[in-house]
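Working notes, beginning with the structure itself.
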Amino acid sequence: MSETEENDIPEGARISDLPAISSGSLQLDIALGAGGISCGQFVEISGAESSGKTTLCQHIIAGAQQMGRLCAWIDTDHSFNPAYAQRCGVELGRLYFASPPDAEQAFDILEALSGTGAGNVIVMDSVDALTPRSEFDLPLGVTTPLFDDEDHGEKLLSLALRKLAPWIQRKQAIILFTTKAQRQRSEAYHQLSTHLSRLALKLHAGLRLRIQETSLVLQDEITIGQRVQVKILKSTNVVSPQPVEFDIIYDQGINHSGEVFDLGLQLGLIRQQRKGYTFQSLSLGTGRGQAIQTLERRAMIRPMEQAIRQKLLRTSISAET
């Protein structure tokens, strides 16, 4: 491909100047400073199993598709749920999907997708499930030293990141990697100090997020979801921001309407009185759930979200300057 294609980023452009893609969480978009995930970078999303990493990635894909971006999902975990992805807003008919059997093929697919055009958003879910091809060639019952296999996979990742880094910035692409969070710092440090290739993703990622479950969401004493906290460990736009929390409803995804309501209440757009909640002169109902349903029924979630974005993003920009 030519070095000066029409869709390439002009020389000297910064990541913060590029259009951002919504994460699906209004509070996280605001905390990131750019109104979402900035283009032109690698993103690492780490967390424990079932903490919400895949859900967050699916909402980012949905936001990218709404902007007309080409999106792809590399399912190395072999756990992709199409029905749940649809409920998170993903248009399956517009999603390139691959489930490669080994790490080498996964990186070949990643490299091929990254150079197809501007604005691609690619998810590799997950790094921990990448298995080198050599491991499948071993006879049953034969194993190799533990660190040999792990180090080989990490070297493949390190090589892929170095090769793709120039393309990512020039093509305004985003590549999201999900990975398990390290449990014990001392053990993690020991492994990193003796196998430097394991630092590759942390060094190359322009944005690193860590997600963890903090509590369960109950309705009539029945668990319907979980509340999660997201910490921004590394960002090109934000310095040491506060963690954000939001709800993930099982089989639905991020509770976006609930976030809009809560922020609207904090900012005074929604008022709580004895008879319930009101917005301007409109009565929303007596309880939080009823108020959110009223906002959804009257198609007021989107206008309120825009008002919140304008106010909070303007505030964050003023604070930085």
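The values are calculated or read from the model by the stated rules, or taken from the named source; none is laboratory data. Here the structure is a predicted model, which is why all the values come from computation and not from measurement. All Cβ positions, even for glycine, are placed from backbone atoms using ideal geometry, and neighbour counts span all protein chains on display.
When you look at residue 218, is it in the same structural domain as residue 33 (by TED's automatic domain parsing), more than 19 Å from residue 110 (Cα to Cα), modelled with pLDDT of 90 or more and exposed (fewer than 11 other Cβ atoms within 10 Å of the Cβ), yes or no?
It is true that residue 218 is in the same structural domain as residue 33 (by TED's automatic domain parsing), more than 19 Å from residue 110 (Cα to Cα), modelled with pLDDT of 90 or more and exposed (fewer than 11 other Cβ atoms within 10 Å of the Cβ).
Take residue 207 and tell me if it is at pLDDT 95 or above, crowded, with 16+ Cβ neighbours inside 10 Å and not aromatic (Phe, Trp, Tyr).
Spelling it out, residue 207 is indeed at pLDDT 95 or above, crowded, with 16+ Cβ neighbours inside 10 Å and not aromatic (Phe, Trp, Tyr).
Residue-by-condition table, conditions (1) farther than 19 Å from residue 249 by Cβ; (2) surrounded by 12 or more Cβ atoms within 10 Å (Cβ to Cβ); (3) without any contact (Cβ under 8 Å) to a residue 40 or more places away in the chain; (4) under 27 Å from the mean Cα position of the chain (by Cα):
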{"residue": "268", "(1), (2), (3), (4)": "yes, no, yes, no"}
{"residue": "271", "(1), (2), (3), (4)": "yes, yes, yes, no"}
{"residue": "274", "(1), (2), (3), (4)": "yes, no, yes, no"}
{"residue": "278", "(1), (2), (3), (4)": "yes, yes, yes, no"}
{"residue": "281", "(1), (2), (3), (4)": "yes, no, yes, no"}
{"residue": "284", "(1), (2), (3), (4)": "yes, yes, yes, no"}
{"residue": "290", "(1), (2), (3), (4)": "no, yes, yes, no"}
{"residue": "295", "(1), (2), (3), (4)": "no, yes, yes, yes"}
{"residue": "300", "(1), (2), (3), (4)": "yes, yes, yes, yes"}
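When the residues of region 79-125 are filtered to those that are of a type in the set (Val, Ile, Thr) and within 22 Å of residue 154 (Cβ to Cβ), which remaining residue is surrounded by the fewest Cβ atoms within 10 Å (Cβ to Cβ)?
Out of the qualifying residues, it is 109.
Would you check which residues across region 244-266 are within 22 Å of residue 61 (Cα to Cα) and either in contact with a strand residue (DSSP E or B) (Cβ under 7 Å, 6 or more places away or on another chain) or surrounded by fewer than 15 Cβ atoms within 10 Å (Cβ to Cβ) (or both) and list them?
244, 245, 246, 247, 248, 249, 250, 251, 254, 255, 258, 259
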